[in-house]
1. Taking all pairs of different Cα atoms in the stretch 60-148, averaging 1/r and flipping that mean, what Kirkwood radius in angstroms comes out?
2. Would you mind listing how long the stretch 128-208 runs along its three principal axes, going by Cα atoms, in whole Å with the largest first?
3. How do 315, 35, 131 line up, fewest other C-beta atoms within 10 Å first?
4. Per q in 0.10, 0.18, 0.19 1/Å, what log10 I(q)/I(0) does a Debye calculation on the alpha-carbon atoms of the stretch 164-343 return?
5. Can you tell me what the convex hull of the Cα atoms of the stretch 1-146 projects to on average, as an area in nm²?
6. With axes computed from alpha carbons, what is the tilt in degrees of helix 164-173 against the longest principal axis of the chain, rounded to the nearest 10 within 0 to 90?
7. Sorted from largest to smallest, which semi-axis lengths in Å does the alpha carbon gyration tensor of the chain give for its equivalent ellipsoid, taking the root of 5 times each eigenvalue?
8. Two decimals is fine: what's Rg over Rh for the stretch 106-247, C-alpha atoms, Kirkwood radius as Rh?
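Values in this text are rule-based calculations from the coordinates and carry no lab data. Computed from a prediction, not measured in an experiment: that's the story for all the values here. Neighbour counts run over all protein chains shown; Cβ positions are idealised from the backbone, glycine included.
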């Protein structure tokens, strides 16, 4: 008798997320979900150039497609569209609400073309999902509903997979700590009003217990700002690692920290993706937008008093619209120190003999 035919693999699926680092990290929650629910479906992932390192050796990604938005943006878009159409995807899902990725989805030739209803080309999709800000739903869940419209389960954390080389780079970076527990601070953000001010970070650095080495993290554009903090703080054991580690190596370093102080920005999502303990400082934005931290130990610090002007926008601004920036300057150092105390509870005293 002829051997039974092997079942053919289902058509491949393409996820599109060409926005910022944090957006790509949050989108990785879909990769783990797909691996659990559709383990035989090949999954490709389209990102903007510079973010492909996040998916290096990711076990649930077949191929990473890259769009260079800085050079020949629109010519590159056309080349990508040809590549996508040749691939013959069964589903193309855009996680963005912009026309460019809507175009790639709508013209992909895929039988299923899925995206948010806010996308300008949503009328050309075969299915859409709502995207509502400030309704208490996390962005991860909003994304998951593109795959499973009725999804109402737990908020699945994103997940990244640092390689052995990333782990080794992180270990080499902490050699100055000589095995001591350490703290990481990622002090910068693309947006001014999302960024805890330099003078506020300096207050924290002066108040942190002296026994903790502190590592400043960021990408190459953040190196100068981190160096200013290093020089102004004049704190022993403060090391500027900005621009020296890959994103995955930074995640591995943060995973080993006692606590990571971050803004509402990409390093917060790096922590979520490796389960690193995190204290997220929210200035002009608010957790209700749905982009909060998802680590097992996650704490949010924000201005203790309600401000009529907060939040002033979804993404932040290059300056405080009202000029006072109270949402950042009114946060107290004691609030940040309280999180450290919670992250490092005192150890019980050893029992004395005879008791």
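1. Working: mean 1/r = 0.0726 Å⁻¹.
Over the stretch 60-148, the inverse of the mean reciprocal pair distance is 13.8 Å.
2. Computed over the stretch 128-208, the largest-to-smallest principal extents equal 50, 36, 21 Å.
3. Arranged by neighbour count, lowest to highest, 315, 35, 131 become 315, 35, 131.
4. -0.35, -1.18, -1.33
5. Averaged projected hull area, Cα only: 10.1 nm².
6. Computed tilt is about 20 degrees.
7. On the way: eigenvalues 296, 119, 79 Å².
Largest first, the chain gives 38, 24, 20 Å.
8. Working: Rg = 21.3 Å, Rh = 18.9 Å.
With Rg and the Kirkwood Rh in hand, the quotient comes to 1.13.
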